[in-house]
Amino acid sequence: MVPDSSHYWLKNAQVPLALLSQGARAIAPPPNLESLVLLDVEIQSGWITQVVPAAAVETGPIPFVDLQHRQIWPCFVDMHTHLDKGHIWQRSPNPDGTFQSAIATVQQDIETYWDSADLYQRMEFGLKCSYVHGTKALRTHLDSPERIGELNWDVFKTLQEEWGDRLMLQAVSLVTLDYYLTPAGEKLADRVAELGGVLGGVAYMNPNLDSQLEHLLQLAQDRGLALDLHTDETGDPDSKTLHQVAQKAIQAQFPHQITCGHCCSLALQSPEFVHETLALVKEAGIGIVSLPTCNLYLQDRQLVQNSKSDPKLDPRPDSQKPSLQPYSRTPRWRGITLIHELRNCEIPVAIASDNCRDPFYSFGDHDGLETFIMAVRIAHLDQPYGDWPELITQVPAQLMGLHGVGQIGAQVPADLIIFEGRSFSELLSRPCASRTVIRDGSMVTGSLPSYTELDNLRD
Ligand SMILES: [Zn+2]
C-alpha cells in the first residue's frame, strides 16, 4: 500500500476537512457533500511535509501511491479507557449485565487475581490492540486505592516507558472522591503528580460532594494537575454531579483542564436544568467524553423480577405468564449524553472506547473506528458527518494537551490511517475491512494479538 521509501506521496486521498491543520485547511479545495477534501500528501523522513490539493503539484520521480479517493485520517486518540480491568470477562463475567454487578464483579476480580504479572499481561494486550488499530495516544483510568494503586501505577509506568516510541500514554487515578479527604488520598495525589498523571475519580451524589470537590480541586491546583472525572454514569435524573463539578470549578477558578466522562443522566433531566448545566460547563471550560459502547451496554438495563410487575405489557392470561423469573426488559434509551447539544454550545466533546471485555462491557478491542461507527449509529452523527470525526482525533488530543496530534498538515508526524472506504457509507459499513496504519511514515506491520496469549491468565 505504501512505497518502501522514506520519501513518497499519497495521491488522491480524501481527508475529512475537520481533521486538517489550520494551515492545510487554508489551502484545501472545496469539500464534497460529506465534508471530504481531495488532497495529495507528501511524506518525508517520517513527517508530513506538504498537503496540497490533488494534482496541484508536479511530483517528478518521487515514488507515490494513488489512493483513488480512499480516506486517510490521523491516528486515533482514545482518551478514556480502563486498561487495568481489560480482558477479564472470561474469568469474571457480569452475571446480569448491570452496572451494580459490574462494580461488584470487578471488586471480586481485583481481590482474587490482581498482581503485577496479571496487570501487565492484560494491559499490554490492550495496548497491542490499540496500536495495531491505529491509535497514537491513549489515556487510561487506573483503580488507585492503596495496595492496588501502588501496583497499578508501577505496571503502568513500566508500560509507558516500554511503549513510549509507539503510544503516548497518560494515566488517571480512579477512586471515589471521599478517598481524597484521607491521608492516603493526599499521598495518591502526590504520587500522581510525581508520575506526571492526571487526578481523577468517580463522583457520586452524596451529602459531602461539595466538600469532596472543593478538596479535590485544591489538591489538583496545588500540584498543577488536570482533572478527569467519572460523572453521572447512571440513568437517574437526580444524579447531578456534572452540574456540581462545574459550579465548584468556577468558584475555585480552577486553571487546568477538567474532563468529565459519561454524563448520561444529563440526557434525562429537564430542559431548564440541562440549559443551566451546559452554561456552567461551558463557563468552567470543561470537556466531555462520551462512551457510547459502554453506555449502550449498561444504561437502561433493568431486570424485571417477574412478569406480574408490568402486567399491561404481557397480554397472556396470568396463568401463562412466567412468574418469579427475572428477565431482561427491552431498553428504551441508548444511554448516551447530549452530544449534539453540548457541541451546539461549543463545549468540546470527545468519544472513547472505555472498558474492554470486562464486566462493564463484554466486548471491545480499543478500536477507534469501531468507537466512531458506534457513536455515529447511536447518536446520529451522520446528518451531516461534518466535523464529527474530530471526536476521536483532534478534540481528545486537545483535552489531553497533545499539541499537533489528531490532525493532518505540514510539519506534523506522518501518523496516518488509510482506510479502504472512500465515502462514509463505505468506511462505516465494513469495520473489519483492512486498513493501513502508518507511523512516522512507515507501515505498521504487526497484527492484532491472538486471544490465546491470554490463555495463561489465572482463573
Ligand atoms: Zn470509565
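Each reported figure results from applying straightforward, stated rules to the coordinates on display, with no laboratory input. Everything numeric here is computed off the predicted structure, so don't read it as measured data. We place every Cβ from the backbone using ideal geometry, glycine too, and count neighbours over all the protein chains shown.
Once the chain from residue 238 to residue 221 is taken as fully extended at 0.36 nm per residue, the excess over their C-alpha distance is 3.2 nm.
For the chain, the membrane-span-like helix rule (DSSP H, alpha carbon extent of at least 15 Å along the helix axis, mean Kyte-Doolittle at least 0.5) picks out 368-379; this says nothing about an actual membrane.
With an 8 Å Cα cut-off and a minimum separation of 6 or more residues, compute the relative contact order for the stretch 25-135 in percent. It would help to have the intermediate numbers written out before the result.
Details: 62 pairs, mean separation 21.7, N = 111.
Contact order relative to length: 20 percent.
Sorted ascending by nearby beta carbons within 10 Å, beginning with the fewest, 75, 432 become 432, 75.
Is the C-alpha gyration tensor of the chain telling us rounded, prolate or oblate? Criteria: a/c under 1.5 is rounded; beyond that, a/b larger than b/c is prolate, otherwise oblate. Because a/c hits 1.5 or more and a/b exceeds b/c, the chain counts as prolate. Among 73, 89, a tally of other beta-carbon atoms within 10 Å of each Cβ gives an order, fewest to most, of 89, 73. Between residue 76 and 135, 136, the built amide H atoms are under 5 Å apart, and every one of these is 5 or more places off in sequence or on another chain.
Estimated from helices alone, the mean residue ellipticity of the chain at 222 nm is -9500 deg cm²/dmol (sum of -39500 (n - 2.57) over DSSP H runs with n ≥ 4, per residue). Residues of the stretch 28-65 with an amide N closer than 18 Å to a point placed 7 Å from the Cα of residue 22 along the Cα-to-Cβ direction: 28, 51. Residue order for 98, 105, 112, fewest other beta carbons within 10 angstrom first, comes to 112, 98, 105.
Using a Förster radius of 45 Å, what is the FRET efficiency between residue 425 and residue 328 based on their Cβ-Cβ separation? Nearest 0.05, please.
Calculated transfer efficiency: 0.90.
Considering only the other residues whose Cβ falls under 10 Å of the Cβ of residue 343, what net charge follows from Lys and Arg at +1 and Asp and Glu at -1?
Numbers: positive: none; negative: 341, 346, 387, 390.
Around residue 343, the charge tally is -4.
Between residue 33 and residue 98, the simple spin-label model (points 7 angstrom out along Cα→Cβ) gives 4.7 nm. Note on residue 191 and residue 443: with the Förster distance fixed at 45 Å, the Cβ-Cβ geometry gives a FRET efficiency of about 0.70.
In plain terms, the chain from residue 5 to residue 49 could stretch by 14.4 nm, reckoned as 0.36 nm per residue minus the Cα-Cα distance. Taking every C-alpha pair closer than 8 Å and separated by at least 6 residues, the mean separation divided by the residue count of the chain gives a relative contact order of 23 percent. Remark on residue 49: its backbone amide H falls under 5 Å from those of 42, 43, 44, 411, a criterion applied only to residues 5 or more positions apart or on other chains, H modelled at 1.01 Å from N. Among the listed pairs 136/240; 85/240; 128/240; 187/248, those whose Cα-Cα separation exceeds 31 Å are 136/240; 128/240.
Gain on full extension, evaluated as 0.36 nm per residue between residue 387 and residue 279 minus their Cα-Cα distance, stands at 36.7 nm. The residues neighbouring residue 377, those whose beta-carbon lies less than 15 Å from its own, together hold a net charge of -1 under the Lys/Arg +1, Asp/Glu -1 convention.
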